[in-house]
Amino acid sequence: TPAPTSKNDSSITTNSKEFKPSRPLTGDPSLFPTRRTLPLYLYQDRIRSILSKKDVLVLVGETGSGKSTQVPQFLYQERWCQRRRVKVKTKVVDKDGNEIMEEGGKPKTREETVNVGGVIAITQPRRVAATTLAGRVAKECGTPLDTSGNGGRGYKGRGPKGKDVKGPKGGKDGEEWDEEKDVVEEMGKNGGDDEEVIEANGNEKKDKKEQEKGLVGYSVRFDHRVPPGTKIKYVTEGMLLQELLRDPHLRQYSAIIVDEIHERSVDVDLLSGFLKQIVTGDKAGRGGIPLKVVVMSATAQVERIKKFFSSDDSLKNGTSGEEVEYLQIEGRQFPVEVIHEPKPVPDIQEALIKTVFKIHTQEPLSDKHGKKDILCFLTGQEEIEAAQRLIEEFAETLDPKVPKVKVFPLFGQLSMEAQHEAFQPIKHPFTRKIVLATNIAETSVTVPGVRYVVDCGKAKVKQYRPRLGMESLLAKPISKSSAIQRTGRAGREGPGKCFRLYTAETFSTLQKTDLPEILRTDVLGAILTMKARGIDDVLAFPLMDRPEIEAVENALVHLHVLGALDDEGRITEMGRKMVMFPVTAPYARVLLAAADQKYDCLLEAIDIISCITAGDDIFMQVRSEEDKESVDVYRKELQRREGDLITYLNTMQRFVSTPSSDRATFCKQRRINVRNMRQALNIRKQLRSLSVKTKMLEDAPPPDSEVTYQPVSPETAERILKAFLRGFAMKTAVLAPDSSYVTAHGKHVVAIHPSSSMHGVKREAIMFLEHVYTQKNYAKKVSAIQAGWIAEALAC
Ligand code: ADP
């Protein structure tokens, strides 16, 4: 049977039994049958053929059709995908990264021979998707990843913590801060000369050891598994942006596969801009070797994306106006019956529990297609954890004849191990799996076994108000496109059912698609990302959607206040250091201030930032009145009059000085989220080791067991708050004569959120790290400060 090569997609009717691809499958033969049934299988020759001629392909196919796992395997053996040694001209830069000019005003260059290509990167919006996909593809390739747990770092003990990692080198400060850098450098060395190399003149040196080496790897924040010889590398979008700092031409790669582009995260939009520049710009930095880009989407609304990569409206040099290749994969989906609520439900939580148990008690546990598990879409961690408790409690009351249930939460802030658990099949035959997920499970990961979907119809989204200069996270109705994706999850493995906890009428009023994140978020981080990668004129940078000019201006002002940009809007030394930290810019600024002798409170700042960035608030909401009293008594002991930040510090310090065996009780009494506390400890460890590595800390801090708990003095608390003000001077408010708090920047009224220990307290001024806009303009994570400190912080 001829391989499908026609231009008309609908002509691909060949079934997988008849289809003989031009290149047979390789890897683990036991997985061939499954791979052959994937819709993508039939398109492999077509995809290879397109990419042998073109540089950009937009590929649309339903979730589960095999895009993320198969496409890189189709491509890595292509001739264009081999590593080459080429001569390139590199611009010479000074230690601040500025070009050095020759007489006559031309940039000074030097010629060098470098390796280009050899690796395919596949970007993912989420860490869990990158690591699970790498695991799956490594297995399919017959080179399973070693997941025996070296703490998830590097390979063979190398990596940031490995013995043979070099310490920071002198010279460019900015480059010393990145924990990931060492790994990439190590990789460069190992993936180097013994690779298959094609000299620029075409002579091939075949590598005989290929089979023995790992083919697949991944690289996500704090976790890298890139074995020597890696050709297929799953990375988060953020990681690839980080790599662009050191390698603006992405020389390591032959192709970048941008997966899940329909999610339109800020990172993927930025990445698309950089890729467009590489693809359409001159290729001198890559020795003339093109970078192939495959853009993949689970939804067919890709007009904007196609146009962006096709037209050449924003870049004058390079290819012009040519249409990119486009391929839509015919999906394979079982029918899904959609059941709406007859009338609006007053309480989502209650409706969820009722629906889950209706399914569990009335629907079979399995059928000829396999297990029939339940996937519920909820808004966030708090809702998921509350639902988990209720489901588990209710399940206890069921008749022993009814099958058991096992609940798995799945949200981004969950530890990787816990996220992976949700993907494992349950061995026990008499148990049904119930996965409670955020929109993480919408398209980016495939939870096997799901045949029932329960959709609450909402998702937490960021909302930025340029006029207030503030961002908040709110649960909002999802788009039609999301609702349809969620429904689709029930029909992957057999016919399914989707229970929508909203009416058919509500569905009809939903917006068609979601607004891209870049239009509804604070673009501070995005702009710093661009500036650090040499984009001076951010308004000229190619973006699929442009944020409002007001949002860009606010961000530029804010970055200037943070000291990341100078008066001309150029990135400063401080700005370069800030982008190297795995936290947002204001927090990075706080860490840098805290390391300064003037404030000298780095360990304290790390403790606080770890608690805050570990997920939802570590202090859970207390619902029942009875609990509240006793919890309040315990919590009062932790609270400090300086406000929430010093309370977090106190909590972390008390927690780590509590013997391990008593920590669970410690958390329970105070209704502290154990999971988040564990995550906070993890972040704390990472930030501490990063601080030692970058010499922000002279010596490694002593182990917690050797430290006796001592509450911080008011003087230290003042230094800590002043260090935080260096990052958050824009988030301050002063008490007005009418007893309301008025923000120092913008002069808006804010109220202190009831979740804050400062609720109802009046002080001359406050600093708040977060903000929500519900009925009122609320400040969260609030501390008491002096009005004079604000001016002091702004003047620095
Ligand atoms: P897409 O990118 O189009 O959503 P994927 O390539 O991610 O599709 O998945 C294709 C199929 O591979 C899935 O339907 C599933 O059967 C299988 N698969 C993917 N990831 C895993 C995994 N971690 N474990 C087991 N099977 C998986």
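Each reported figure results from applying straightforward, stated rules to the coordinates on display, with no laboratory input. It should be emphasised that the depicted structure is a prediction, and the values quoted were computed from it without experimental measurement. Counting neighbours? That spans all protein chains shown, and the Cβs are built from the backbone with ideal geometry, glycine included.
Between the stretch 321-368 and the stretch 548-574, the C-alpha centres lie 44 angstrom from each other.
Filter the cross-link list K89/K233; K276/K458; K598/K685; K89/K306 down to pairs whose alpha-carbon distance in this structure exceeds 29 Å.
Check vs 29 Å cut-off fails for K276/K458; K89/K306.
In the chain, which whole DSSP H runs stretch at least 27 Å along their own axis (Cα) and average -1.0 or higher on the Kyte-Doolittle scale? Helices meeting the criterion: 674-693.
At a 10 angstrom cut-off on C-beta neighbours, averaged per residue, how do the peptides 570-577, 489-496 rank from highest to lowest? Each step should come with its number before you reach the end.
Details: 570-577: 19.4, 489-496: 21.8.
Output ranking for 570-577, 489-496: 489-496, 570-577.
Can you pull the Kirkwood radius for the stretch 511-576, inverse mean 1/r over Cα pairs, to one decimal in Å? All intermediate terms of the calculation are to be shown ahead of the outcome.
On the way: mean 1/r = 0.0810 Å⁻¹.
12.3 Å is the Kirkwood radius here.
In whole angstrom, note down how far apart the Cα centers of the stretch 697-722 and the stretch 370-441 are. For the stretch 697-722 versus the stretch 370-441, the Cα centre distance is 40 Å.
The calculated FRET efficiency for the pair A300 and R678, based on their C-beta separation and a Förster distance of 56 Å, comes to about 0.85. Full extension of the chain between H428 and D566 gives 43.5 nm of extra length, using 0.36 nm per residue less the Cα-Cα distance. Calculate the FRET efficiency for D662 and R332 from the Cβ-Cβ distance with a Förster distance of 45 Å, rounded to the nearest 0.05. Efficiency, rounded to the nearest 0.05: 0.25.
With a 10 Å radius around each residue's Cβ, average the other Cβ atoms per peptide and rank 402-415, 343-356, highest first.
On the way: 402-415: 18.9, 343-356: 15.9.
Most protected by this proxy first, the peptides run 402-415, 343-356.
Rank these for me by crowding, E323, E629, going from fewest to most other beta carbons within 10 Å. Display every interim value, and only then the final one.
On the way: E323 13, E629 10.
Exposure proxy ranking, most exposed first: E629, E323.
State log₁₀ I(q)/I(0) for the chain at q = 0.05 Å⁻¹ as given by the Debye formula over alpha-carbon point scatterers of equal weight, solvent excluded. Ignoring solvent entirely, the Cα scatterers give -0.27.
Working value for the stretch 562-697: equivalent-ellipsoid semi-axes of 33, 15, 13 Å, each the square root of 5 times a Cα gyration tensor eigenvalue, largest first.
The E103 and L539 beta-carbon pair, evaluated with R₀ = 35 Å, returns a calculated FRET efficiency of approximately 0.65.
Compared with the alpha-carbon gap, the fully stretched path from K480 to R246 is longer by 80.2 nm at 0.36 nm per residue.
With the convex hull drawn over the C-alpha atoms of the stretch 46-128, the volume per residue is 181 Å³.
Please report, in cubic angstrom per residue, the volume enclosed by the convex hull of the alpha-carbon atoms of the stretch 399-458. If you can, show how the numbers build up before the last one.
Numbers: hull volume 6.5 nm³, N = 60.
Taking only Cα atoms, the stretch 399-458 has a hull volume of 108 Å³ per residue.
In µm²/s, what is D for the stretch 660-767 at 4 °C and 1.567 mPa s, where D = kT/(6 pi eta Rh) by Stokes-Einstein and Rh is the Kirkwood radius from Cα pairs? Write out the running numbers ahead of the final one.
Values: Rh = 17.5 Å.
It comes out at roughly 74 µm²/s.
What whole-number value in cubic angstrom gives the convex hull volume per residue for the C-alpha atoms of the stretch 450-556?
Working: hull volume 14.4 nm³, N = 107.
Once divided by residue count, the hull of the stretch 450-556 is 135 Å³.
Taking amide H as placed 1.01 Å from N in the peptide plane, the amide H of I122 sits under 5 Å from that of K233, Y234, V235, I257, each at least 5 places away or on another chain. A helix-only calculation puts the chain at -10500 deg cm²/dmol for mean residue ellipticity at 222 nm, using -39500 (n - 2.57) for each DSSP H run of at least four residues, averaged over all residues.
For a quick protection proxy, order the peptides 422-434, 601-613, 294-306 by their average other-Cβ count within 10 Å, most packed first. Can you show the working numbers first?
Numbers: 422-434: 15.8, 601-613: 24.5, 294-306: 18.8.
So the peptides 422-434, 601-613, 294-306, ranked by packing, come out 601-613, 294-306, 422-434.
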